[in-house]
Every structure is written in C-alpha cells, then in structure tokens.
Amino acid sequence: MAEDAPSILILAAGASSRMRGADKLLEPVEGVPLLRLLALRALATGARVLVALPPDRPSRAAALEGLAVERITVAEAAEGMAAALRAGAAAVRGPLMVLLGDLPEITTEDLQAMLAAGRETPETILRATSAEGQPGHPILFPPALLPELMRLTGDTGARALFAGRPLRLIALPGRHATTDLDTPEDWAAWRAARDT
C-alpha cells in the first residue's frame, strides 16, 4: 500500500466512563464486539487501518486478535481524544479518516463513500452527517493537516482545525454518522428499536 494512501484511525482509547463498569466498545453487535466489527468494516475498504488503544484495556486489544490492523498504544489516553489523534497522525503520511469506536451503524459502504469523496476533493476536510444533515463522524483530514493534528491537546477533538478551512459535508444514510452509544440506556434503546 502506498505511503500516501488514506488510512482509517479508529479511536478506541477512551475510558467508556458512562457505561458504569461495562465497556461500550466490547458490546456485542451482530455477534461480535463492536470494536472488532468496526475494524472488520474498515478493513473491507482496503485502506490501512489503525486502532488507538489505551494501555490498560487488554480486552480491547484481544477483541482485535487476528485482524490486520495496526495497534497504537496511547500512553497519554487519560488526557482525552487529542492524545489518540496525535498518535494516529504521527503514524501516517496520507489522508487520515478518524472514526469513533462507538458508532455501531457505520458500514463499509459509508467508509467507502467518504474515501471516494476524499479523492474528489483531496485538500478539503470531509465530515459525515446524518441523512438530515446533523454533523457526525467519520471525519477525513487531508495530509496537509497532519502536523496540526499532531499538536492537538485536551479532549475537544479536532474541532479547532475546522475554523476558516473548507469543509465538505457528506450525508450518510439514516443516523449512521451520529448514532454513538455512551450509556447502558443508550444501548438498550438502540437494541429495542432494532428489534421492532
């Protein structure tokens, strides 16, 4: 794979603190842990896939066993999202798609649509939205922004990079880009809706 080909970074270094002891990234979806499912969907695009992991969650690494993903241990995971973004940006040279690890509805086709849009407008930040236009994830950053991603701090993600830059919104089906499940109640409601 060319060094400047797009990479997908799955952010899986968070604390899952609102799950009251459970780990949202290990919740079963379609019979496998969510983190493994997202990694499989990302790998199916043919892109390089990196997974940012905390140093203290071996069960997340175990969920990726046997998959051709590159694991990045984020020593400063407690700092927040910026630490994982810095680590991911430092490991790539081409476009970087940032995918949250708790988006169970994101499909391989969604990721492929983002990558295709990135080839059309390679210098523009792309942000996925719901079908109704609500901003969500993933976000595709052009290579020119990697140095700035490597300078981020704190837990606000990369929002600061959007200011004054061209941003293209890519509508994905339904709420694929915005369904992130942070609490046991979120998971119960989502599963109940899928069963009806």
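Observations on the structure shown:
- Label reach from Arg71 (point 7 Å along Cα→C-beta): in the range 30-60, amide nitrogens under 13 Å belong to 36, 51-60.
- Rounded to the nearest 500, the 222 nm mean residue ellipticity of the chain from helices alone is -8000 deg cm²/dmol, with -39,500 (n - 2.57) taken per DSSP H run of at least 4 residues.
- Kirkwood-based shape ratio for the chain, expressed as Rg/Rh from alpha carbons: 0.94
- Using θ = phi - 60° and Karplus 6.51 cos²θ - 1.76 cosθ + 1.60, couplings along the range 111-123 (whole Hz; Gly, Pro as x): 5, 5, 5, 5, 5, 5, 5, x, 5, 6, 10, x, 9
- At R0 = 45 Å, FRET efficiency that the Cβ-Cβ distance of Ala62 and Arg159 yields, to 0.05: 0.90
- Taking amide hydrogens as placed 1.01 Å from N in the peptide plane, the amide H of Leu50 sits under 5 Å from those of Ile8, Leu9, Ile10, Glu70, each at least 5 positions away in sequence or on another chain.
- Of the two radii for the range 95-169, the radius of gyration is 0.94 times the Kirkwood radius, both from the alpha carbons; that is the Rg over Rh value.
- Rounded to the nearest 0.05, the FRET efficiency derived from the C-beta distance between Glu148 and Ala171 at R0 = 41 Å is 0.95.
- Dipole size of the range 1-108 about its Cα centre, with +1 on Lys/Arg Cβ and -1 on Asp/Glu Cβ: approximately 80 debye, rounded to the nearest 20.
- The candidates Asp195, Asp110, arranged from most to least accessible area with a 1.4 Å probe in the full protein assembly, appear as Asp195, Asp110.
- Globularity index of the range 1-52, i.e. its alpha-carbon radius of gyration over 2.2 N^0.38 Å: 1.32
- Rg/Rh ratio calculated on Cα atoms of the range 43-118 (Kirkwood radius): 0.95
- Placing Thr73, Thr45, Thr179 in order of accessible area, with the largest value first and a 1.4 Å probe, yields Thr73, Thr45, Thr179.
- Percent accessible area from carbon and sulfur atoms, the range 1-93, protein chains only, probe 1.4 Å: 53
- Farthest toward positive dipole pole in the chain [+1 Lys/Arg, -1 Asp/Glu at C-beta], among Leu100, Ile8, Gly31: Ile8
- For the range 48-106, accessible area per residue (1.4 Å probe, heavy atoms of protein chains only), Å²: 37
The values are calculated or read from the model by the stated rules, or taken from the named source; none is laboratory data. On a predicted model such as this, the values are computed, not experimentally measured, just so you know. Quick reminder, even Gly has a Cβ in these numbers, built from the backbone with ideal geometry, and neighbours come from all protein chains shown. The accessibility values were calculated without ligands, DNA or RNA, using every heavy atom of the protein model including side chains. Shrake-Rupley method; radii C 1.70, N 1.55, O 1.52, S 1.80 Å.
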